[in-house]
Amino acid sequence: MTGGTGFIGRHLVRHVLNHGHTCELLVRRDPATLPAIEGVGYRRFTDIEALAPADAVVNLAGEWVVGRWTEEKKARIMGSRIEVTRAVVDWIQVQEVRPKVLVSASAVGIYGDRPSELLTEASPPDPRGRFRSVVCEAWEGEALRAESLGVRTVTLRIGNVLDSREGFLGMLIPWLRRAPFLVPFAPRAYNPWIALPDAVRLIDFAMKNERVTGPLNVVGPNPVRLRRLVESLGRVMGKPAFGTLPEPLVRLAFGEFAQSLLESQDVRPAKALSLGFEFEHPDLGPFLRASMAKP
């Protein structure tokens with residue numbers, strides 16, 4: 001697994017271990033600096049050739065996209081995804097016994113800003129060809145080379161993964177506890193969210209279910225507009241939600257990255273539902289209440 005020390009990766013590793021499997025993580029850091037976990041091995045990316053054969057490969061690595069997109073930042077976003085994915089598929093190619101499946105990350109950013117469309121795995125990429133879509137198409141293209149090697153390949157189009165302690169929501173909540181009110185910057189934009197436990201279970205489903213191939217939307221079944229997300233969070237936190245942060249201010253603060261904050265994407269998990277996957281947290285309000293009630 002690549003990206004196994006990241007937000008989703010750490011929880012996926014725990015899930016895999018709890019189901020009786022072992023996991024070897026490809027990392028950039030010195031393995032000696034990482035915590036010893038029974039059933040987990042660490043290996044530097046530079047030693048990828050020495051990896052033992054695996055039943056499944058999960059590729060979640062990539063530069064964090066949050067922040068101003070300077071040309072240097074954009075090069076890191078693109079390069080980190082392409083280079084790691086290419087190295088993983090090149091490793092698969094030279095194995096005498098190849099893995100049964102490659103599950104490789106992508107993102108709903110491939111669809112672009114589509115406020116009037118219902119988006120499924122069958123929807124085409126962003127017709128305007130903006131940066132996030134270009135990155136995702138190139139990323140998926142590298143992963144899909146594994147199909148020609150006889151390896152079932154799944155590209156995870158991941159949405160906004162929610163957890164009250166980590167990720168987008170984990171960063172937002174401490175600030176909102178101090179703020180006098182909540183302000184959505186694109187109140188009518190659809191936000192394709194998924195609860196972290198469901199995201200982990202859906203990735204595991206993709207690894208184990210041989211009928212899952214190609215793109216898979218890792219989103220919940222009930223996307224909400226950003227205003228509703230913020231209002232639901234406000235009710236859980238006991239705060240009113242009102243006002244709108246002007247789009248020009250968002251663009252001034254974040255530059256080109258602001259587009260990803262302002263996009264509207266009504267993305268649905270059509271493939272997961274058609275294959276019988278059951279979401280444990282399909283509705284935002286109950287999930288937020290349960291998540292924030294945890295110690």
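The values are calculated or read from the model by the stated rules, or taken from the named source; none is laboratory data. It should be emphasised that the depicted structure is a prediction, and the values quoted were computed from it without experimental measurement. Every residue, glycine as well, gets a Cβ built from its backbone with ideal geometry; the counts of neighbours run over all protein chains shown.
Take residues that are more than 30 Å from Glu71 (Cα to Cα) and tell me which of the helices (runs of 4 or more DSSP H) falling wholly in region 217-295 contain 2 or more.
Where helices (runs of 4 or more DSSP H) fall fully within region 217-295 and carry at least 2 residues being more than 30 Å from Glu71 (Cα to Cα), they are 226-237, 270-274, 284-293.
Residue pairs whose Cβ atoms lie under 6 Å apart, separated by 6 or more positions or on different chains, with the first residue in region 33-50 and within 13 Å of Arg14 (Cα to Cα) and the second of a type outside the set (A, V, I, L, M, F, W, C) and in a loop (DSSP other than H, G, I, E, B), are Gly39/Thr22. Among the residues of region 146-167, some residue qualifies, meaning at least one is surrounded by fewer than 23 Cβ atoms within 10 Å (Cβ to Cβ), acidic (Asp, Glu) and part of a helix (DSSP H, G or I).
Go through the residues of region 203-210 one by one and say whether even a single one is free of Cβ contacts under 8 Å to residues at least 24 places away in the same chain and farther than 20 Å from Gly170 by Cβ. For region 203-210, residues free of Cβ contacts under 8 Å to residues at least 24 places away in the same chain and farther than 20 Å from Gly170 by Cβ: present. Among the residues of region 247-263, just one is buried (at least 17 other Cβ atoms within 10 Å of the Cβ) and free of Cβ contacts under 8 Å to residues at least 12 places away in the same chain, namely Ala258. When region 64-80 is limited to residues that are closer than 30 Å to Arg225 by Cβ and among the basic types (Lys, Arg), the one that is modelled with the lowest pLDDT turns out to be Arg68.
Taken over region 112-126, residues that are exposed (fewer than 14 other Cβ atoms within 10 Å of the Cβ), out of contact with any strand residue (DSSP E or B) (no Cβ under 8 Å at 6 or more places or on another chain) and either at pLDDT 95 or above or of a type in the set (Lys, Arg) (or both) amount to 2. Of all residues in region 42-55, none are at pLDDT 95 or above, hydrophobic (A, V, I, L, M, F, W, C), within 26 Å of Ala146 (Cα to Cα) and in contact with a helix residue (DSSP H, G or I) (Cβ under 6 Å, 6 or more places away or on another chain). It is to be established whether one or more residues within region 81-94 are over 16 Å from the mean Cα position of the chain (by Cα), surrounded by fewer than 17 Cβ atoms within 10 Å (Cβ to Cβ), under 25 Å from Pro269 (Cβ atoms) and at pLDDT 95 or above. Looking through region 81-94, none of the residues is over 16 Å from the mean Cα position of the chain (by Cα), surrounded by fewer than 17 Cβ atoms within 10 Å (Cβ to Cβ), under 25 Å from Pro269 (Cβ atoms) and at pLDDT 95 or above.
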